[in-house]
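K.L.:
Below is a structure I'd like to ask you about.
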Amino acid sequence: MPWKECNRMDERLRFVARLLDGEKMVVVCREFGISRKTGYKIFNRYKDIGLRGFEDHPKSPYRHPNKLPFQVEKAILRIKQEHATWGAPKIRDKLIKQYPMIKPPAASTIHVVLNRHGLVKRRKRRRYKARGTQLNHLVFAEPGNMQAKTLLAATYDQLGYQAESGPWRDVYLTAARELRHGTSESGIDISLMEDILRVTPISPFFDSMAVRLNGPDAEDVELSVNIVFTDLGESYLLDIGNAVLHHRPSEPGVQADATLKLTHELFVQILIEKVGLKDMLLSDELEVEGSTLDLMRFFSLLDKPSGTFNIVTP
């Protein structure tokens, strides 16, 4: 038995005929597999315009109030033919000069017109291949290979220019500078950070001291130093044990091998190296209780960083 063919108009006619016979809208819509909204739309269109209501209506709007006049479109194409290398912005400027009496279309509209007529030449997007890892291995394997350093620096330049994050951009461009010019001869002048150090909490300074502890020299050493800031009313106990430096807040009179009492201002001056050892010992803002030798031994176990180090080169 062959399949029966049906079209939309026949189905709509059958749908309306059943409604005219008195059947309910809900039942008929369920059998035809359409929503009640669509059913009422078909029925109302039949009541308004008769059998023509069963025909498919175009989806496009009847009017296009913002459509570009064909005269302007022809002018755009003519200018493009005269100046093949011009893009939408230049063509728009030319239209404004030639036809100041009309409202000029937007550059995006002109671009759409050119694209519709196949006059837009699309550029192939350049994609950068990831070469940083291989070049980085090569630089570490051959530190004197200047060609590899130059290529890696160019790679970091591109990564830096494409990075949206400011810190990452700084990292990439700093690495590129090191590959081209080497490590800086002088580190950061810490005296320039005097105002910042004044408002920095105390704990990060002790964290820095813990990092700088010389592990091999501090092996089998057990020392404790209590540092009291007389003007802040704060006290910290620093312990060295198992080649590790720990620090924690403490009471001013806690038991320790040595106690160092000083002001926060003097502490900052020591950090930026404006106050030497002699000035520190003679200062009225500093007082030592306990073993001075243990205190000097404690500070001798801390390495002084050079301030200069390599980032991407061995």
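The values are calculated or read from the model by the stated rules, or taken from the named source; none is laboratory data. The structure presented is a predicted model; accordingly, all values stated were derived computationally and were not measured. Here Cβ is always computed from backbone atoms with ideal geometry, including for glycine, and neighbour counts include all displayed protein chains.
K.L.:
How many of the residues in the range 28-54 are part of a loop (DSSP other than H, G, I, E, B) and in contact with a helix residue (DSSP H, G or I) (Cβ under 7 Å, 6 or more places away or on another chain)?
P.N.:
So the answer is 1.
K.L.:
Out of Glu164, Glu185, I need the residue that is farther than 30 Å from Thr85 by Cβ, free of Cβ contacts under 8 Å to residues at least 40 places away in the same chain and part of a loop (DSSP other than H, G, I, E, B). Which one?
P.N.:
Going through Glu164, Glu185 in turn, just one is farther than 30 Å from Thr85 by Cβ, free of Cβ contacts under 8 Å to residues at least 40 places away in the same chain and part of a loop (DSSP other than H, G, I, E, B): Glu164.
K.L.:
Being without any contact (Cβ under 8 Å) to a residue 12 or more places away in the chain and farther than 18 Å from Asp303 by Cα is the filter here; which residues of the range 199-222 pass it?
P.N.:
Within the range 199-222, Val199, Thr200, Pro201 meet the criteria.
K.L.:
How many residues does the range 285-295 contain that are under 21 Å from Glu265 (Cα atoms) and either in a strand (DSSP E or B) or not acidic (Asp, Glu) (or both)?
P.N.:
Total meeting the criteria: 5.
K.L.:
Testing Ala154 on (1) of a type in the set (A, V, I, L, M); (2) under 30 Å from Leu271 (Cβ atoms); (3) not in a loop (DSSP other than H, G, I, E, B), one condition comes back false. Which one is that?
P.N.:
Status for Ala154: all satisfied but (2).
K.L.:
Okay, next question. If I filter the range 129-151 down to residues being in a helix (DSSP H, G or I) and aliphatic (A, V, I, L, M), which single residue comes out as surrounded by the fewest Cβ atoms within 10 Å (Cβ to Cβ)?
P.N.:
Ala141
K.L.:
For the condition in contact with a helix residue (DSSP H, G or I) (Cβ under 9 Å, 6 or more places away or on another chain) and either farther than 30 Å from Asp257 by Cβ or assigned to a helix (DSSP H, G or I) (or both), what is the one hit in Ala175, Ala210?
P.N.:
Only one candidate passes the filter, namely Ala175.
K.L.:
Could you tell me whether any residue of the range 259-277 is of a type in the set (A, V, I, L, M, F, W, C), surrounded by fewer than 16 Cβ atoms within 10 Å (Cβ to Cβ), modelled with pLDDT under 85 and in a helix (DSSP H, G or I)?
P.N.:
Scanning the range 259-277, I find at least one residue that is of a type in the set (A, V, I, L, M, F, W, C), surrounded by fewer than 16 Cβ atoms within 10 Å (Cβ to Cβ), modelled with pLDDT under 85 and in a helix (DSSP H, G or I), so the answer is yes.
K.L.:
How about the range 210-229: which of its residues are among the charged types (D, E, K, R) and under 21 Å from Gln255 (Cα atoms)?
P.N.:
Scanning the range 210-229 gives Asp220, Glu222.
K.L.:
Give the range 223-254 a look and list any residue that's in a loop (DSSP other than H, G, I, E, B) and touching a residue at least 24 places away in the same chain (Cβ under 8 Å), or say none.
P.N.:
Thr230, Asp231, Leu232, Ala243, Ser250, Pro252, Val254, listed by residue number.
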